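The structure under discussion appears below in the form of structure tokens.
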Amino acid sequence: MRGLLQFTLDLFNVPEADVDLVVDDLPPAQPPKLQHSTPLHPLSQSQSNSVPHAPAAPSVPLRDVLSQARFIHPRATREVVVGHARVGYEFTRGKRRTIGFVVGAEGLSVRAPRWVTLRDVDAAVLEKAEWIVRKLAETQERHARVEASRIEWKDGATFPFLGEPVVVKLDPRHGFKGVGAVLDAELDANGARTLRLAVANNANPDQIRDAAQAWLTRQARRLFTERLDAYAPKLGVRWKKLSLSNAATRWGSASSDGSIRLNWRLIHFRLPVIDYVVAHELSHLRVMDHSQRFWETVESVMPDYQQLRRHLKDETIPRL
């Protein structure tokens, strides 16, 4: 059975042409063996619910996780019961060699080769059911934290920029030389900097958000380019193209042709965390996998990368 399993949550086995750094980029801890479970049963579409995703929450005791919890994928077609926890998951077949598990924004998806029997699929899910339920619980808790951090876009709204608080100030009198915004150098009484947006005082929340996001993405492109240029020579690689993404579950990716893709939301983090992601993706231009040699390559320019990985995983960024 182990030969059939492939855990794709952390994307440790991805195509060599395009290697990704996902939001949940830490390997799962090995759970103890499952003691009791019930067989899988079909689940009708009418029983579905949805659940969204962001960096990981602290581990919670299994007895709390399994206390009448429900994790139902919106396209669930099968169900597993572990203790009092019900997990409805999306099941699909395709051209692949292994059974794959993906814990993502909507819940659990299970993919299997066409030749694998449902009995083998059931056994694979039950074998890792405890790990799956724990990951789903962590994802649900992260979602709650992200929702709590949602920004109310108005004059005085606050968000992090390079790890420090920035306060939005609507300033329609200025065009700021065509860029639409300017960040004050001085700190206010609360230790925050002010971002002055050339937006009308009666602007709606979407207009304020879009103006702030436009400024953030400009800062992201400028800074990411600088950091790629700084780390590429240290790693002995050349990058050719930078693209910004808005992915919900992926911080970055690298292609063998030298193309780098980075999530603009990284601009919320402090610089060392951004540098870790930059070094991570540039290291893939030397080693297109997550082998020991890859992590040694990252460590050669980022000795404290493990701590930075955990910060990237644990920190909650605002919901824009």
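Numbers at a glance
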read-out	value
Check on residue 276, of a type in the set (Phe, Trp, Tyr) and touching a residue at least 60 places away in the same chain (Cβ under 8 Å)	no
Complete set of residues in the range 282-295 that are crowded, with 24+ Cβ neighbours inside 10 Å and within 15 Å of residue 227 (Cβ to Cβ)	282, 283
All strands (runs of 3 or more DSSP E) inside the range 74-191 with 1 or more residues being free of Cβ contacts under 8 Å to residues at least 60 places away in the same chain	78-82, 85-94, 108-113, 158-161, 164-170, 181-187
Per-region count, the range 109-121, residues surrounded by fewer than 16 Cβ atoms within 10 Å (Cβ to Cβ) and either in contact with a strand residue (DSSP E or B) (Cβ under 6 Å, 6 or more places away or on another chain) or aromatic (Phe, Trp, Tyr) (or both)	2
Residues within the range 91-108 that are in contact with a Gly (Cβ under 9 Å, 6 or more places away or on another chain), crowded, with 20+ Cβ neighbours inside 10 Å and more than 19 Å from residue 138 (Cα to Cα), tallied	0
Residue among 130, 138 that alone is at pLDDT below 85, under 17 Å from the mean Cα position of the chain (by Cα) and either of a type in the set (Asp, Glu) or within 30 Å of residue 191 (Cα to Cα) (or both)	138
Qualifying residue in the range 195-211 (condition: assigned to a strand (DSSP E or B), within 30 Å of residue 294 (Cα to Cα) and either more than 22 Å from the chain's Cα centre (by Cα) or aliphatic (A, V, I, L, M) (or both))	no
Top-ranked residue of the range 226-249 - restricted to ones that are under 10 Å from residue 278 (Cβ atoms) and of a type in the set (Gly, Ala, Ser), ranked as surrounded by the fewest Cβ atoms within 10 Å (Cβ to Cβ)	230
Identity of the residue in the range 240-276, closer than 30 Å to residue 107 by Cβ and among the basic types (Lys, Arg), that ends up farthest from the chain's Cα centre (by Cα)	261
Hey, residue 222 under 30 Å from residue 171 (Cα atoms), modelled with pLDDT of 95 or more and not in a loop (DSSP other than H, G, I, E, B) or not	yes
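The values are calculated or read from the model by the stated rules, or taken from the named source; none is laboratory data. Predicted, not measured: the structure shown is a model, and the values here were computed from it. Don't worry about glycine lacking a Cβ; one is built from the backbone with ideal geometry, like all the others, and counts go over all protein chains shown.
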